[in-house]
Amino acid sequence: MAVYAPESFTSDEADVLRRYFTNLDGPVFALVNLPEVVKGALFARYSRSPKSLRRLFLDEFVGDLDIRGDQSIDATVGLDRAEQLYQRIFVEYGDDSVAQLGGVHLACEQASNLLTKVLEWGRLMSYLEQSTRYIAYDSRLGGRYRYHRDPAVLVGPLGTRYVGDLDRMFDAYSQCAEHVTDHVRATVPRAAGDSEFVYRTATRAKALDAVRGMLPAAATSNVGIYGTGQAFEALLLRMRAHPLPEARDYSELMLHELRKVIPSFLRRVDVPERGGAWSEYLSTTRERSRAIVEDLFGGAPVEPSREVTLVDFDPDAEDNIIAAICYPHATLPESQILERVRTFGVDERVALLRAYVGERSNRRHKPGRAFERSFYRFDVLSDYGAFRDMQRHRMLTIEWQRLTPNHGYARPDLVDEAGVGGVFDESMERSAALHDALSEGFAEQAPYAVAMAYRMRYSMQYNVREAFHMLELRSSPQGHPSYRRVALEMHRLIAEQAGHHALAAAMDFMTTEAPELERLESERRAEARRGS
């Protein structure tokens, strides 16, 4: 059985596509010969469409472009002249900064939800991932459900069970999605001013939010990535060292396509003493650390814990941040500024903080870098679906543990209200049983079986400025309930446990209440923009 479902195009479609995409049948390809704004728009639309990027381009974009001058271009053959130029500059001068000046839009399709987290690890790249709230995952691709089929698992003794169990999990997801959608529409009336399209989109999004936890981590997604040559080099070296076979195999697909557009930027990946040594270093340090940790902690009981725990913070955050506010405007060394700040009374402190934060008219108006002086560190135990959204923030440090069914799962109230709680629970049991069966011979692939409703532990450390961005964004009314709950609890702990009341209060755009249909206002605004 093929790992990836190939796409097919008519000869006329292929004639158009080969001008702008580096291949026409693989899951990984680069975008070339298109205006940057078109590439960005394609990726933006990509995140809310069930279509592949090439099909999306044909159906929704090509009709608005003048492509007559591109008829002689074939992007699938690579760039020989560019190779010669980059070879001379990059290799002869040997400056890594050269690889920061060329970028690529790369489409990564049919990637499992384990692999997408590997792809989105790097801080210095931009990502857009297919949404689980706008796209129903029960549509089939190439006649089969959208989940990763690991070749080693398929040819092993559990191959038939793996496909059968995941198919049944997708069947249950599809069944529950329809029941919950019907329930939402039966209990939430359409407002007089809302169009049928806005109402149906918002109610469907609420239903898909409720049942997304039924999807296994094997469920595949499409990710659009923009990054520099240097960032892609680092990503590929990490993927080559990764214990997940899918990540290692996928890195080769990516490298093949990237070499068609930025060949010399990736020349060192295959050099044994450069890229080879780097990947070996990453792999060796990970495995040695894992072995020691398992020896020290293996078999230790896991005590129950809260969903969000504040484990560390800067107790002198207010003094340190006020000193950082003063620093660029003073002439004293930092140590003297800090000594002076400690003598300030309430009035001076409030005046400085208010002046620095200013009048924020929206959440995008964030205080400056003085707020990066102090930090918070949280230990989180949330469902995997919430983790997927929180992990996308890059101006922080995040580490996560292996995904297993051992921490239990979260079943949304809406699922019970719709009368499908039993179907949900049965699917969770099937997920856990398959995971346990796979663990004996396929430890790295076993998490594919784990449904996204299961909880996973991860740590997040970020500075106060990032707290403004992340907590205000993730508490917004249109957010998913599971990560809204995490963001709101983090904010509460910053104020109450850390005692940083002034900093928490300055986060003006925290939203504690959410409407019945989380996406309704966003859909209303989108419709208004379309009509303007």
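The values are calculated or read from the model by the stated rules, or taken from the named source; none is laboratory data. Here the structure is a predicted model, which means the values were calculated and not measured. Don't worry about glycine lacking a Cβ; one is built from the backbone with ideal geometry, like all the others, and counts go over all protein chains shown. Side chains included, ligands, DNA and RNA excluded: accessible areas come from the protein's heavy atoms. Shrake-Rupley method; radii C 1.70, N 1.55, O 1.52, S 1.80 Å.
Residues in region 345-403 that are of a type in the set (Gly, Ala, Ser) and in a helix (DSSP H, G or I) were compared, and the one that is farthest from the chain's Cα centre (by Cα) is ALA351.
Contact annotation: residue pairs with Cβ atoms under 8 Å, 6 or more positions apart or on different chains, pairing a residue in region 236-251 that is closer than 18 Å to ARG149 by Cα with a partner that is open to solvent by less than 10 Å² (accessible area, probe 1.4 Å) and charged (D, E, K, R), are PRO245/ASP150; GLU246/ASP150.
Restricting region 182-195 to residues that are closer than 20 Å to GLU527 by Cβ and of a type outside the set (Lys, Arg), which is surrounded by the most Cβ atoms within 10 Å (Cβ to Cβ)? Residue satisfying both the conditions and the ranking: VAL184. In region 435-455, the residue that is nearest to SER305 (Cα to Cα) out of those that are touching a residue at least 24 places away in the same chain (Cβ under 8 Å), out of contact with any His (no Cβ under 8 Å at 6 or more places or on another chain) and in a loop (DSSP other than H, G, I, E, B) is ALA453.
For region 225-256, name all the residues that are touching a strand residue (DSSP E or B) at 6+ places or on another chain (Cβ under 6 Å) and either of a type in the set (Val, Ile, Thr) or farther than 30 Å from ARG402 by Cβ (or both). Passing the criteria: ILE225, THR228. Criterion applied to ARG394, ARG402 was being touching a residue at least 12 places away in the same chain (Cβ under 8 Å), surrounded by fewer than 15 Cβ atoms within 10 Å (Cβ to Cβ) and over 21 Å from ALA210 (Cβ atoms), and the one residue passing it is ARG402. Within region 97-119, residues that are among the small types (Gly, Ala, Ser) sit with their Cβ atoms under 7 Å from residues that are open to solvent by 30 Å² or more (accessible area, probe 1.4 Å) and assigned to a helix (DSSP H, G or I), at 6+ positions apart or across chains, in these pairs: ALA99/GLN230.
Is it the case that TYR162 is buried (at least 22 other Cβ atoms within 10 Å of the Cβ), at pLDDT 90 or above and assigned to a loop (DSSP other than H, G, I, E, B)? The answer is no for TYR162.
Counting only helices (runs of 4 or more DSSP H) wholly contained in region 465-532, the ones carrying 3 or more residues that are under 17 Å from ARG306 (Cα atoms), modelled with pLDDT of 95 or more and not small (Gly, Ala, Ser) occupy 481-496. Within region 376-389, being open to solvent by less than 10 Å² (accessible area, probe 1.4 Å) and under 21 Å from ASP314 (Cβ atoms) holds for TYR376, PHE378, VAL380.
Here's the yes/no breakdown for (1) touching a strand residue (DSSP E or B) at 6+ places or on another chain (Cβ under 8 Å); (2) closer than 30 Å to ALA202 by Cα; (3) open to solvent by 40 Å² or more (accessible area, probe 1.4 Å):
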residue	(1), (2), (3)
PRO6	no, no, yes
ASP15	no, no, yes
ASN23	yes, no, no
LEU31	yes, no, no
LEU34	no, no, no
LEU42	yes, yes, no
ARG55	no, yes, yes
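With respect to the conditions (1) in contact with a strand residue (DSSP E or B) (Cβ under 8 Å, 6 or more places away or on another chain); (2) open to solvent by 20 Å² or more (accessible area, probe 1.4 Å); (3) farther than 18 Å from VAL211 by Cβ, ARG455 falls short on a single one, namely (3). Taking the conditions exactly as written (touching a Ser or Thr at 6+ places or on another chain (Cβ under 9 Å), part of a helix (DSSP H, G or I) and over 24 Å from VAL184 (Cα atoms)), does ALA432 satisfy them or not? It is true that ALA432 is touching a Ser or Thr at 6+ places or on another chain (Cβ under 9 Å), part of a helix (DSSP H, G or I) and over 24 Å from VAL184 (Cα atoms). Taking the conditions exactly as written (touching a residue at least 60 places away in the same chain (Cβ under 8 Å) and hydroxyl-bearing (Ser, Thr, Tyr)), does SER431 satisfy them or not? So SER431 fits the description; yes.
Residue count for region 405-418 satisfying the condition of being assigned to a loop (DSSP other than H, G, I, E, B) and either loosely packed, with under 13 Cβ neighbours inside 10 Å or under 26 Å from the mean Cα position of the chain (by Cα) (or both): 7. Scanning region 95-113 for residues that are open to solvent by 30 Å² or more (accessible area, probe 1.4 Å) and assigned to a loop (DSSP other than H, G, I, E, B) turns up ASP95, LEU101.
Look at region 463-476: where a residue is over 14 Å from LEU503 (Cα atoms) and a partner is open to solvent by less than 10 Å² (accessible area, probe 1.4 Å) and among the hydrophobic types (A, V, I, L, M, F, W, C), sitting 6+ places away or on another chain with Cβ atoms under 6 Å, you get ARG474/ALA487; SER475/ALA487.
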